[in-house]
Amino acid sequence: MAITLVNPGGLPEIDVYRQVSIATGSKLVFIAGQVAWDAEGTTVGEGDLTAQVEQCYLNIATALAAAGGSFDDVAKLTFYVVDWTPDKMPPLLEGISRAAAKLGTTPVPPATLLGVAALDVPDHLVEIEATAVLG
């Protein structure tokens, strides 16, 4: 496996992701920010952050598979959440959990979460981009 995820001593342990991703592969994969569109370009989960996070993860999994990878190869995620407030963390985590159950994995690479004013269309509440390293 090209990615090793760790929580080194001296940094806080965060339940939902690891602090460090060590990549040893040779093929870098950069996945554009994924929004809650299905294959036909229809927004999934209008007004529902949990459903949109889940769809974003499923879209990332589809993109990873096209590159010959999976969430095991993800080195870093970046979340962009419209009008972020801490009370949005539980629905965000529920969306991740639902996607993980469908994908049979626990995607916990290092992540950055940024609050933004808006995304590409008003119906989108979250966008997630990924960087992966394949052996």
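Can you check how the C-alpha radius of gyration of the chain compares to 2.2 N^0.38 Å, as a plain ratio? Spell out each step's value before the answer.
On the way: Rg = 14.4 Å, N = 135, 2.2 N^0.38 = 14.2 Å.
The chain yields a ratio of 1.02.
Evaluate the distance, in nm, between pseudo-label points positioned 7 Å from the Cα of residue 66 and of residue 6 along their respective Cα→Cβ axes.
If labels sit at residue 66 and residue 6, their model points lie 3.4 nm apart.
Give the accessible surface of region 78-135 per residue, rounded to a whole number of Å², with probe radius 1.4 Å and ligands, DNA and RNA excluded.
48 Å²
Ranked from highest to lowest mean number of other Cβ atoms within 10 Å per residue, what is the order of the peptides 51-64, 114-127, 92-105?
The most tightly packed comes first, giving 51-64, 92-105, 114-127.
Tell me the angle of helix 49-66 to the major Cα principal axis of the chain, expressed in degrees between 0 and 90 and rounded to the nearest ten.
50 degrees
At what distance in nm do the modelled label points of residue 112 and residue 26 sit from each other, each positioned 7 Å from its Cα along Cα→Cβ?
With each label point 7 Å from Cα toward Cβ, the separation is 2.9 nm.
With labels modelled as points extended 7 Å from the Cα through the Cβ direction, what inter-label distance (nm, one decimal) is found for residue 103 paired with residue 38?
2.0 nm
What does the charge dipole of the chain about its Cα centre add up to, to the nearest 20 debye, if the Cβ of each Lys and Arg holds +1 and the Cβ of each Asp and Glu holds -1?
Here the size comes out at about 560 debye.
The values are calculated or read from the model by the stated rules, or taken from the named source; none is laboratory data. What you see is a predicted model, and the numbers here were worked out from it, not measured in a lab. Cβ: placed from backbone, ideal geometry, glycine included. Neighbour counts: every protein chain shown. For the accessible areas, the whole protein counts, side chains as well, though only heavy atoms, and no ligand, DNA or RNA atoms are used. Shrake-Rupley method; radii C 1.70, N 1.55, O 1.52, S 1.80 Å.
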